[in-house]
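Asks: My questions all concern the structure below.
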Amino acid sequence: MIQKVKSYDPSNGDLIGEVPATSAEDIELTVLKAKTAAKHWRGLSLNNRLSTIQNAYSAAEKSVHNLAELLSKEMGKDIRRSTSEVQGTILGGPYIASNVVAALRSKTIDGSTLEYKALGVAAIISPWNYPLAMANNLIIPALLAGNSVIWKPSEETPLIAQAFFDIIKTGLPTGLLQLIHGDGEQGRILVESDINIIGFTGSQATGKDIMSRAASSLKRLVMELGGNDPMIVMKDANIEAAARFAVASSFENAGQMCISTERIYVDETIADEFEQAVVTIAAQYTIGPWNMDGVNIGPIINSRQHAKIIEHIRDAIEKGSRLLLGNTDNPKFYIKPTVIADMTSDMRIEQEETFGPVVCISRYSDINQAIARSNNSSYGLGAVVFGGIDAHTVADQLEAGMIGVNQGVGGSGDVPWVGAKHSGFGFHGSPEGHRQFAQVRVVNR
Ligand code: NAD
């Protein structure tokens, strides 16, 4: 079991800090403390819980800049994107909290009262690509439902998690929100401990492991897993708009985004023009560290992930792809903006989540082929179609939790962030999403 969690600057590999990893004994103690904290917290009124959370988040507002800088240094995204994530987390926290409380108020249906009560202790296990946002989306509803929370952030981003936690916890009752550090081993111990619900955001493989370990004690699960999002570009699409979206969505967060566009199916009659537009736009992207002017593709989180992306590109080339931009000779820490054409179904880049700044294009002659290939995946997070009026009919046939027609996926406000198929079950956002962290009770008085 690791003793320390070391944090490295992904743009140069330098060690930037470390935190002690939580031992198995300390995880057990953390769970005991969480149970004690939950007993008092669940007895408070919803309004009381709401004001406590809102005050804790308001007190963090002055730290936005420092947190954003730390997030950039540790995770690699540029300062504009980090600032937006930190602001969304801290300034958006009170907004999410008030929506959660509205969803948890008791209501009466046909003479029965529905009450939303605490479950006990919630474990929130989060990834590194949006290290604050992904955790926060689950921590807030879990707390407001009256649970105490044990948060296990990714071992890639322990410092930003610790810094955020240190600020927020000062406004909360002792033991209500606790942090444990470590890798998959600490995660597994937490999953198997005496907790009541697990809110997990991360990869499909980890999701399966968590589900199997949670089964014997029937723990509740909220699973937000990976994606391999398709995009279909129909012959009557606005080619410039589709190309702009394709590049932006493939390159966002250096491609390390669950809803990034991973594979594109374009009508063969417009394919030349689309590919050209994509290459022109993609060539304008710049790789570099978080504090370099004009950078819009940061480093890849670690060498394992860097090697995997290069392997996917190599495999595609060996199996007949045309490389329209970029090459396999990428600098250490970065992947240059890459565009691949003639992707086929036997390529890893089509079958797996690549999680890198690569636009992958394939031509189709029949829209039904494009729909079949889009759906030929265990994933089903997002899917996008660009085209004229028929785009809506195509959208109806796509197997995904979030669909975009001539735009990206995911709504603003309090709508679900939701996957279909093996991209997960359970979700965050929306009254239904918030209520997953509560036990509904039907009371007839
Ligand atoms: P990961 O699954 O490797 O790790 C996620 C978290 O789980 C980390 O904290 C890790 O330490 C922990 N963990 C690892 N093994 C564990 C185990 N056996 N038991 C318990 N915990 C364990 O994922 P990652 O590389 O950090 O994140 C990238 C993945 O997350 C991608 O697949 C991405 O698509 C997905 N993701 C999904 C969403 C969504 O909303 N659906 C959002 C962001 C990221």
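Asks: I need a count of the residues in the stretch 412-429 that are away from the ligand (no atom under 14 Å from the Cβ) and among the small types (Gly, Ala, Ser).
Replies: Of the residues in the stretch 412-429, 2 are away from the ligand (no atom under 14 Å from the Cβ) and among the small types (Gly, Ala, Ser).
Residues are listed down the side, and each one gets a yes or a no for (1) in the same structural domain as ALA37 (by TED's automatic domain parsing); (2) crowded, with 19+ Cβ neighbours inside 10 Å; (3) in contact with a Lys or Arg (Cβ under 9 Å, 6 or more places away or on another chain):
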{"site": "PRO141", "(1), (2), (3)": "yes, yes, yes"}
{"site": "LYS152", "(1), (2), (3)": "yes, yes, no"}
{"site": "ILE160", "(1), (2), (3)": "yes, yes, yes"}
{"site": "THR170", "(1), (2), (3)": "yes, no, no"}
{"site": "LEU176", "(1), (2), (3)": "yes, yes, yes"}
{"site": "GLU185", "(1), (2), (3)": "yes, no, no"}
{"site": "ASP194", "(1), (2), (3)": "yes, no, yes"}
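Asks: In the stretch 349-365, what count of residues is obtained for those that are closer than 21 Å to ASN253 by Cβ and either surrounded by fewer than 21 Cβ atoms within 10 Å (Cβ to Cβ) or out of contact with any strand residue (DSSP E or B) (no Cβ under 9 Å at 6 or more places or on another chain) (or both)?
Replies: Summing the residues that are closer than 21 Å to ASN253 by Cβ and either surrounded by fewer than 21 Cβ atoms within 10 Å (Cβ to Cβ) or out of contact with any strand residue (DSSP E or B) (no Cβ under 9 Å at 6 or more places or on another chain) (or both) in the stretch 349-365 gives 1.
Asks: Residues to consider are PHE274, PHE333, PHE355; find the one that is closer than 26 Å to GLY419 by Cα and touching a residue at least 12 places away in the same chain (Cβ under 8 Å).
Replies: After applying the criteria, what remains is PHE355.
Asks: Can you name the residue in the stretch 219-239 that is of a type in the set (Asp, Glu) and assigned to a strand (DSSP E or B) and, of all such residues, is farthest from the ligand (Cβ to nearest atom)?
Replies: This residue is ASP229.
Asks: Follow-up question, since we're still on this one. Tell me, which residue of the stretch 196-207 that is of a type in the set (A, V, I, L, M, F, W, C), within 17 Å of the chain's Cα centre (by Cα) and assigned to a strand (DSSP E or B) is surrounded by the fewest Cβ atoms within 10 Å (Cβ to Cβ)?
Replies: Per the stated criteria, the residue is ILE198.
Asks: Oh, and also: Taking only pairs six or more apart or across chains, which ones have beta-carbon atoms under 7 Å, a first residue in the stretch 400-421 that is among the β-branched types (Val, Ile, Thr), and a second residue that is within 12 Å of the ligand (Cβ to nearest atom)?
Replies: Going by the 7 Å Cβ cut-off, the qualifying pairs are ILE403/VAL409; VAL409/ILE259; VAL409/GLY382; VAL409/MET402; VAL415/GLY429; VAL418/GLY401; VAL418/MET402; VAL418/PHE427.
Asks: For the stretch 208-218, state whether one or more residues are of a type in the set (Gly, Ala, Ser), assigned to a loop (DSSP other than H, G, I, E, B), without any contact (Cβ under 8 Å) to a residue 40 or more places away in the chain and in the same structural domain as TRP128 (by TED's automatic domain parsing).
Replies: yes
Every residue, every condition in (1) in contact with a His (Cβ under 9 Å, 6 or more places away or on another chain); (2) under 17 Å from PRO20 (Cβ atoms), yes or no:
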| residue | (1), (2) |
| --- | --- |
| ALA161 | yes, yes |
| ILE168 | no, no |
| PRO173 | yes, no |
| LEU176 | yes, no |
| ILE180 | no, yes |
| GLN186 | no, yes |
| VAL191 | no, no |
| THR201 | yes, no |
| THR206 | no, no |
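Asks: Looking at ILE124, ILE140, ILE180, can you tell me which residue is closer than 25 Å to SER98 by Cβ, within 14 Å of the ligand (Cβ to nearest atom), touching a helix residue (DSSP H, G or I) at 6+ places or on another chain (Cβ under 7 Å) and in contact (Cβ under 8 Å) with a residue 60 or more places away in the chain?
Replies: Among ILE124, ILE140, ILE180, only ILE124 is closer than 25 Å to SER98 by Cβ, within 14 Å of the ligand (Cβ to nearest atom), touching a helix residue (DSSP H, G or I) at 6+ places or on another chain (Cβ under 7 Å) and in contact (Cβ under 8 Å) with a residue 60 or more places away in the chain.
Asks: Among all residue pairs at least 6 apart or on different chains, which show Cβ distances below 8 Å where the first residue, located in the stretch 302-314, is closer than 12 Å to PHE355 by Cβ and hydrophobic (A, V, I, L, M, F, W, C) and the second is part of a helix (DSSP H, G or I) and within 16 Å of the ligand (Cβ to nearest atom)?
Replies: Sorted first by the residue in the stretch 302-314, then by its partner, the pairs are ILE309/GLY255.
Asks: Next up: Which ones in the stretch 286-324 are among the aromatic types (Phe, Trp, Tyr) and surrounded by fewer than 20 Cβ atoms within 10 Å (Cβ to Cβ)?
Replies: Those that are among the aromatic types (Phe, Trp, Tyr) and surrounded by fewer than 20 Cβ atoms within 10 Å (Cβ to Cβ): none in the stretch 286-324.
Asks: Another question, then. Given the structure, is ILE297 touching a residue at least 40 places away in the same chain (Cβ under 8 Å) and away from the ligand (no atom under 15 Å from the Cβ)?
Replies: Here the answer is yes, as ILE297 does meet what is asked.
Asks: Let me ask something additional. From the list LEU91, LEU119, which residue is more than 20 Å from the chain's Cα centre (by Cα) and in the same structural domain as LEU218 (by TED's automatic domain parsing)?
Replies: After applying the criteria, what remains is LEU119.
The values are calculated or read from the model by the stated rules, or taken from the named source; none is laboratory data. Values in this document were obtained by computation on a predicted structure and should not be read as measured data. We place every Cβ from the backbone using ideal geometry, glycine too, and count neighbours over all the protein chains shown.
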